[in-house]
Amino acid sequence: MNTPNMLTLLRVIMVPVFMWAITSGLYIAAVAIFIIASLTDQLDGYLARKNNQVTTFGKLMDPLADKILTISALVCLMGIGADFINSWVVMIIIARELIVTGIRQLAMGENTVIAASQWGKAKTVSQMAALIAVMIDLIVPLRFGGFALTFWLVVIAVVLTVYSGIDYIIKNRHLITFK
């Protein structure tokens with residue numbers, strides 16, 4: 001197994017540790033774990049491209065690892081009552097991820113692997129930034145003269161989630177048939 005794939009698996013392994021920390025009220029530890037896990041996403045992709053180690057496993061597992069990390073954070077944050085993470089935010093993000101995963105499965109049935117788009121990457125970065133801000137907000141509120149930075153980061157993440165989902169569906173509509 002190559003280094004990028006090991007980093008992807010490390011991200012998945014970090015999820016239960018993160019979940020334990022956030023639900024135990026260890027917010028600083030949870031933020032640190034989440035940031036490290038998020039950085040492995042950037043690093044594994046960089047290393048895979050740089051060292052020509054792009055694999056089918058990595059193309060499929062890397063986005064899945066992101067989804068596992070993001071969804072676990074959303075569910076835990078909603079569960080502890082974190083500001084700005086409510087059921088509709090969680091459902092929009094989970095619905096988009098399920099739709100994209102379904103389309104990826106259709107593509108696999110056609111022996112096609114769909115790489116992440118630029119909008120999908122922007123969505124992932126915005127979600128990670130918003131989730132980090134929500135967690136930091138648990139420690140010290142990120143409010144500046146009535147301006148809630150965290151709120152706007154969550155809004156941006158939701159907008160990019162919806163937009164990237166629509167873009168994904170449109171670009172891959174040929175895979176969606178009713179046969």
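The values are calculated or read from the model by the stated rules, or taken from the named source; none is laboratory data. Predicted, not measured: the structure shown is a model, and the values here were computed from it. Note that each Cβ is placed from the backbone with ideal geometry, even for glycine, and that neighbours are counted across all protein chains shown.
Out of THR150, THR101, THR177, which single residue is in a loop (DSSP other than H, G, I, E, B) and polar (S, T, N, Q)? Before the answer, list the steps.
Details: THR150 fails: in a loop (DSSP other than H, G, I, E, B); THR101 fails: in a loop (DSSP other than H, G, I, E, B).
Checking each option against the conditions leaves just THR177.
For residues that are assigned to a loop (DSSP other than H, G, I, E, B) and under 14 Å from MET6 (Cβ atoms), scanning just segment 34-63, find the one that is farthest from the chain's Cα centre (by Cα). Steps first, answer last, please.
Within segment 34-63, the subset assigned to a loop (DSSP other than H, G, I, E, B) is 51-55.
Filter once more, keeping what is under 14 Å from MET6 (Cβ atoms): 51, 53, 55.
Numbers: ASN51: 24, GLN53: 22, THR55: 20 Å.
Ranking the qualifying residues of segment 34-63, first place goes to ASN51.
Run ALA115 past the list (1) loosely packed, with under 15 Cβ neighbours inside 10 Å; (2) under 19 Å from ILE93 (Cβ atoms); (3) small (Gly, Ala, Ser) and report the number of the one that doesn't hold.
Result: ALA115 passes all but (2).
Looking at ALA29, is it surrounded by 16 or more Cβ atoms within 10 Å (Cβ to Cβ) and free of Cβ contacts under 8 Å to residues at least 24 places away in the same chain?
Working: surrounded by 16 or more Cβ atoms within 10 Å (Cβ to Cβ): no; free of Cβ contacts under 8 Å to residues at least 24 places away in the same chain: yes.
In short, no.
Within segment 142-155, does at least one residue satisfy the condition of being surrounded by fewer than 19 Cβ atoms within 10 Å (Cβ to Cβ), over 12 Å from ASP83 (Cα atoms) and touching a helix residue (DSSP H, G or I) at 6+ places or on another chain (Cβ under 6 Å)?
No - not one qualifying residue is present in segment 142-155.
Can you go through GLY145, GLY120 and tell me which one is within 14 Å of the chain's Cα centre (by Cα), among the small types (Gly, Ala, Ser), more than 22 Å from ILE13 (Cα to Cα) and at pLDDT below 95?
Numbers: GLY145 fails: within 14 Å of the chain's Cα centre (by Cα).
Sole residue among the options that is within 14 Å of the chain's Cα centre (by Cα), among the small types (Gly, Ala, Ser), more than 22 Å from ILE13 (Cα to Cα) and at pLDDT below 95: GLY120.
Out of the residues in segment 163-179 that are exposed (fewer than 15 other Cβ atoms within 10 Å of the Cβ) and modelled with pLDDT of 95 or more, which is nearest to LYS123 (Cα to Cα)? Walk me through how you get there before you give the answer.
Narrowing segment 163-179 to residues exposed (fewer than 15 other Cβ atoms within 10 Å of the Cβ): 163, 166, 170-171, 173-174, 176-179.
Filter again for modelled with pLDDT of 95 or more, leaving 163, 166.
On the way: TYR163: 9, ILE166: 12 Å.
Across segment 163-179, the extreme among qualifying residues is TYR163.
Please find, within segment 95-107, the residue that is farthest from TRP119 (Cα to Cα) out of those that are among the aliphatic types (A, V, I, L, M) and surrounded by 17 or more Cβ atoms within 10 Å (Cβ to Cβ).
The residue in question is ILE103.
Would you check which residues across segment 113-147 are touching a residue at least 24 places away in the same chain (Cβ under 8 Å), of a type in the set (Val, Ile, Thr) and assigned to a loop (DSSP other than H, G, I, E, B) and list them? Talk me through it step by step, then tell me what you get.
Step one: list which residues in segment 113-147 are touching a residue at least 24 places away in the same chain (Cβ under 8 Å), which gives 113-117, 119-120, 122-124, 126-132, 134-139.
Still in the list and also of a type in the set (Val, Ile, Thr): 113-114, 124, 132, 134, 136, 139.
Scanning segment 113-147 gives VAL113, ILE114.
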